[in-house]
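Q: I'd like to ask some things about the structure below.
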Amino acid sequence: MGRAEVQKRVFLTPLVLLLLCTPLLAQSRPVAIQGGMLIDGTGRPPVDDAVVVFQDGRIREVGRRGEVSLPQGAEVIDAKGKTILPGLIDGHCHYRDWMGEVYLAYGVLTCPNISNNPADWIIAQREGQRNGTIRGPRVWAAGNVIDGPPPQGRGGLRRQRTSIIVETEEEARKGVRDLVAKGVDGIKLFERLTPQAAKAAAEESHRLGKPVIGHTLDIFAAAANGYQSVEHSWSVLYTSIQDPKKKSELDFARMTGKVNTAEVHTHMEPEVFDRLIKVMLEKDVHWSPTWATWFRGLSPRAAEMKRREIALLKDPRLRYLPPYILKGVERHFAMYETASPEKRAQYLDGYRKVQEWVRRFIAAGGKMHLGSDPNSVLPGYAVHVEFELAAEAGISAAQAIRSASSSVAEAWRKAKDYGSLEKGKVADVVVVRGDPLKDISATQQVEMVFMDGKAIDISFHADYKNPIPRPIADRP
């Protein structure tokens, strides 16, 4: 059942109505969710018949029923037959002003924005959510990306009007300092930086206590520079290619649209995987596949995904969505549906290499981030599609949930408070119907969401509006 269908059947228990209507009570009176299966976001095995107790925005106790005492006077929510998850964190968030309630509806309560947003605007979004004037997810802000000029003869590749373009080491350091002075939570670096500028920017970020998230064509260099996370499956693709000329030609072909991102993955060289994994684990470099936005049309569930997404995007309560989302979804599935047998085989070859990399990376202890990257998929919802692709690659539900919760919080240096359902952490709690161990798509059946310990509205509203519009155009 898709989200659009589920929303027609949403009901609120008297307790949840009480919590929604009386926020002071939700903060002062303990709440206990009990009887459901717990997947806590740490990667540990699920716990049956679990109890989660929270009060004043923090988790007080977590464990199995009978091992956790319920506080006197606690409001008790029966979660039998349901699953208790941590509030999800989008591992690759490109935040826009229209996205807020879509994130909440899918239990994605934190957006670590790494899109090329103006720093002032994304910080205003962060503060507006904190003070209650903006209904949306918690924002961790990276602001404008820092990038280098395009390679000689490739001026057409630089279209990002908000990028901070630097050429020297000092310009790179200054770009970081300026963003930190504005109040960003992290720094996003792009792959066109020279090696010297990238190193200088990463050093300055770390000196100022900020994590570095980056695009790169060379993960070995990113690891040496201390990047906390590298983005996209094609970062592994290009790093694995040993011939510099071939790498450059493929990069140019992809950037200019001569080959698309899905098919270029057929050039991955798996014989490099083990060496790359070793370095990433030694340097604790996380990685984000962003595979839903490119590969879900190859899933065995593709027909169901298409039906579900189009129904969701045509929900009249979501009429405020920009038209390019629906067009992008239709175009994505059509690309695979109309491909020749030879082209589809090429797509599948690249996708299977990505799956092989994921299995080997996770089995070795690598930390993955699952997230939206909403090029042709609805943000927030896309996190759950990434769960489905992870399951198809052989990744456990516990590991998938970890990849959109504690792993992301660790990279952003926020794990002390966020990312898992553990005693003392912020009470971001999601209850879903069903069992993700039997069918990972159960994570989409969101029934209740608590953010900072408060029950929140997860329904769609046709009149949803962000009070601080993004000052530049979204996508063409």
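Throughout, read-outs are computed from the coordinates displayed, never taken from laboratory work. Computed from a prediction, not measured in an experiment: that's the story for all the values here. Cβ placement follows ideal geometry from the backbone for every residue including glycine, while neighbour counts extend to all protein chains displayed.
Q: Within the stretch 199-229, whose backbone N sits under 15 Å from a point 7 Å along Cα→Cβ of residue 416?
A: Answer for the stretch 199-229: 209-211.
Q: A further question on this structure: Using only Cα atoms, tell me the angle between helix 381-392 and the longest principal axis of the chain; keep it within 0 to 90° and round to the nearest 10.
A: Taking Cα atoms only, the helix is inclined about 80 degrees.
Q: Just to be sure I understand the model, the point goes 7 Å from the Cα along the line to the Cβ. What's the resulting residue 348 to residue 49 distance in nm?
A: Each label point lies 7 Å from its Cα, and together they span 4.6 nm.
Q: Still on this model: On a C-alpha basis, how far is the centre of the stretch 342-371 from the centre of the stretch 399-476 in Å? Whole number, if you could?
A: So the two Cα centres are separated by 25 Å.
Q: Here's something else I'd like to know. Which order do peptides 383-391, 217-225, 186-194 fall in by mean Cβ count within 10 Å, highest first?
A: On the way: 383-391: 25.2, 217-225: 19.4, 186-194: 23.6.
Per-residue mean Cβ counts within 10 Å order the peptides as 383-391, 186-194, 217-225.
Q: Which aspartates and glutamates have a Cα lying under 14 Å from the Cα of residue 258, excluding residues fewer than 8 positions away in the same chain?
A: 249
Q: By the scheme Lys and Arg +1, Asp and Glu -1, what is the net charge of all other residues having a beta-carbon under 10 Å from that of residue 41? Let's see the in-between values first.
A: Working: positive: 44, 402, 425; negative: 40, 422, 428.
Taking every Cβ under 10 Å from that of residue 41, the sum is 0.
Q: Counting other beta carbons within 10 Å of each Cβ, put 348, 298 in order, fewest first.
A: Listed from fewest to most nearby Cβ atoms, that is 348, 298.
Q: Evaluate the distance, in nm, between pseudo-label points positioned 7 Å from the Cα of residue 334 and of residue 80 along their respective Cα→Cβ axes.
A: 5.0 nm
Q: Packing-wise, with mean Cβ within 10 Å as the measure, how do 38-47, 166-175 rank, highest first?
A: Values: 38-47: 21.0, 166-175: 18.5.
Those peptides, ordered most packed to least, come out 38-47, 166-175.
Q: How much length is gained if the chain between residue 472 and residue 69 is pulled fully straight, taking 0.36 nm per residue apart and subtracting their Cα-Cα distance, in nm to one decimal?
A: Details: separation 403, 0.36 × 403 = 145.08 nm, distance 5.19 nm.
Between residue 472 and residue 69, full extension yields an extra 139.9 nm.
Q: Report the far tail of the P(r) of the stretch 88-411, meaning the percent of Cα-Cα pairs longer than 27 Å.
A: Details: 21959 of 52326 pairs.
Counting every Cα pair in the stretch 88-411, those more than 27 Å apart make up 42 percent.
Q: For n ≥ 4 DSSP H runs only, could you compute -39500 (n - 2.57) per run for the chain, divide by its residues and tell me the 222 nm figure to the nearest 500?
A: Helix contribution divided over all residues of the chain: -11000 deg cm²/dmol.
Q: Considering only the other residues whose Cβ falls under 12 Å of the Cβ of residue 265, what net charge follows from Lys and Arg at +1 and Asp and Glu at -1?
A: Numbers: positive: 254, 352, 353; negative: 263, 269, 349, 356.
In short, -1.
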